[in-house]
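Undergrad: Starting off with a structure, shown below.
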Amino acid sequence: MDYEYTGDAHRELVESYRADESPFPTDTSRVYPRRDSLRDEPPLLKRLLFPRCWNATELLDDPDETRARLTELGVCMQKGITSYSDSDTDNPTAIVDETLDRLPAIRRALKKDVEAAYKGDPAAKSYCEIIRSYPGFHAITIHRVAHILYEEDCFEYARELAEYSKAETGIDIHPGAEIGEYFFIDHGTGVVVGETSTIGDWVRVYQNVTLGALHFEEEEGEDHMLAKEYKRHPDIGDNVVIGAGSNVLGTVEIGDHVSIGANSWVTDDVPDDTSVFISDHPDQERKSNR
C-alpha cells in the first residue's frame with residue numbers, strides 16, 4: 001500500500017522554520033555529530049521538527065523537500081499501524097494524514113517545552129543543547145506524536161513508539177497520558193507516567209518519579225484478570241514541581257502551585273499552593289573504615 005502526503009503541513013512547517021528567532025538555533029552553517037537510531041521515525045521527526053539541530057537545513061526553504069520527508073515518515077507510520085490491523089482492507093491513510101497535519105502544532109508545543117527546560121535547569125547552556133541532548137525532551141517529542149496515535153485508537157503502534165523512547169531515555173510515558181504545555185523532565189532516569197495520568201502546564205519532574213496506580217480492580221468473572229479502561233492515575237495541576245524519587249499514586253488530584261519534595265509518597269489530594277515534604281529523615285550514622 002503506497003502512501004503520499006497530500007496535506008499542507010510542509011508549507012506551514014517551512015514558514016515556522018523561517019520564523020525561528022534566537023535563542024532557538026538560526027545558524028544554518030553548523031554540522032552536528034551523527035546520532036543514529038534503530039527506528040526510522042525518531043530521526044525523521046527530529047529533522048522535521050528542528051531541522052537546524054539535526055543537519056536537515058535542506059528543509060528550511062524547500063516545501064517540496066519537507067513534503068518528501070513527511071511522506072517518508074507517513075510510510076513508516078502506515079506500516080506501523082497496518083502491522084497491528086486485523087483486516088487487510090483497513091486503510092490508515094486518514095489517521096496518518098491527521099497525525100502529520102498536526103506536526104506544526106506539535107512543533108509549537110515542543111518549542112514551549114524547550115523554553116521550560118532552559119528556564120528550569122540552571123545547567124542548560126542553550127536551546128540546541130536541550131533539543132539534541134536532553135532525554136526528557138526526546139521523551140516528550142515522541143510522546144506528543146504517540147499520544148495523537150493513541151487518540152486515534154492506534155494503541156499498539158503508539159505503545160511501540162513509546163517503548164522505543166523508553167529504551168533510549170529510561171523515561172516511561174504511556175502514550176495515553178495527557179500532558180500540557182511547558183513540560184520538563186530533568187535528568188529523567190526512572191520516570192514513569194501512567195496511562196490515565198493528566199499533567200497541566202509548567203510542570204517540572206525530576207528523576208525516579210512515578211505517577212502510578214495505587215491499586216488495581218479485578219475484572220468481574222475473569223480469573224487473574226485485571227480490569228481495563230478506568231481511571232487509575234493522578235491528575236497534576238499547573239505550576240507543579242515533583243522532586244526526585246517521589247511517588248504520586250492513585251486517582252489523587254494535585255493542585256496548582258504545588259511543590260512535592262524528594263522521596264515523598266503521596267496518596268491523598270494536595271490542595272493549591274501547598275508544599276509536601278518529608279519532615280523527619282532517618283538519622284545518619286558514620287563510622288571509620290580504618
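The values are calculated or read from the model by the stated rules, or taken from the named source; none is laboratory data. Everything numeric in this text was worked out from a predicted model, so none of it was measured. Ideal geometry is used to build each Cβ from the backbone, glycine not excepted, and the neighbour counts take in all protein chains shown.
Undergrad: Filter the range 196-215 down to the residues that are part of a loop (DSSP other than H, G, I, E, B) and either among the basic types (Lys, Arg) or touching a Lys or Arg at 6+ places or on another chain (Cβ under 7 Å) (or both) and list them by number.
TA: The answer is Thr196, Ala213.
Undergrad: Just need a number here: residues in the range 5-44 that are touching a Lys or Arg at 6+ places or on another chain (Cβ under 9 Å) and among the basic types (Lys, Arg).
TA: 3
Undergrad: Okay, moving on. Got at least one residue in the range 84-91 being closer than 20 Å to His143 by Cβ and under 22 Å from the mean Cα position of the chain (by Cα)?
TA: For the range 84-91, residues closer than 20 Å to His143 by Cβ and under 22 Å from the mean Cα position of the chain (by Cα): absent.
Undergrad: Select the helices (runs of 4 or more DSSP H) contained entirely in the range 68-166, then report the ones holding at least 1 residues which are among the aliphatic types (A, V, I, L, M) and over 29 Å from Arg52 (Cβ atoms).
TA: Result: 93-101.
Undergrad: Name the one entry in Leu70, Leu38 that is under 29 Å from Phe155 (Cβ atoms), among the aliphatic types (A, V, I, L, M) and at pLDDT below 95.
TA: Checking each option against the conditions leaves just Leu38.
Undergrad: Take the range 185-196 and flag every residue that is over 16 Å from Ser165 (Cβ atoms) and in contact with a strand residue (DSSP E or B) (Cβ under 8 Å, 6 or more places away or on another chain).
TA: Once the filter is applied, which keeps residues that are over 16 Å from Ser165 (Cβ atoms) and in contact with a strand residue (DSSP E or B) (Cβ under 8 Å, 6 or more places away or on another chain), the range 185-196 yields only Asp186.
Undergrad: Follow-up. Within the range 36-66, count every residue that is assigned to a helix (DSSP H, G or I) and at positive phi.
TA: So the answer is 0.
Undergrad: What pairs come out if I take residues in the range 122-134 that are farther than 19 Å from Thr169 by Cβ and polar (S, T, N, Q) and pair them with residues that are at pLDDT 95 or above and buried (at least 17 other Cβ atoms within 10 Å of the Cβ) whose C-beta lies under 9 Å away, six or more apart or interchain?
TA: Here the result reads Ser126/Tyr118, each pair linking the range 122-134 to a residue that is at pLDDT 95 or above and buried (at least 17 other Cβ atoms within 10 Å of the Cβ).
Undergrad: Still on this structure, please answer the following. Taking the range 1-36, which residues are under 19 Å from Phe137 (Cα atoms) and without any contact (Cβ under 8 Å) to a residue 40 or more places away in the chain?
TA: Across the range 1-36, the qualifying residues are Asp20, Ser22, Pro33, Arg34, Asp36.
Undergrad: May I pose another question? Against the definition (surrounded by 17 or more Cβ atoms within 10 Å (Cβ to Cβ) and within 16 Å of Pro104 (Cα to Cα)), how does Thr66 come out, yes or no?
TA: Answer is yes for this residue.
Undergrad: Next up: Does Tyr157 count as touching a helix residue (DSSP H, G or I) at 6+ places or on another chain (Cβ under 8 Å) and crowded, with 22+ Cβ neighbours inside 10 Å?
TA: Yes, satisfied.
Undergrad: Look at Ala213 and say whether it is touching a residue at least 24 places away in the same chain (Cβ under 8 Å), among the small types (Gly, Ala, Ser) and either touching a Ser or Thr at 6+ places or on another chain (Cβ under 9 Å) or not assigned by TED's automatic domain parsing to the domain that holds Asp113 (or both).
TA: yes
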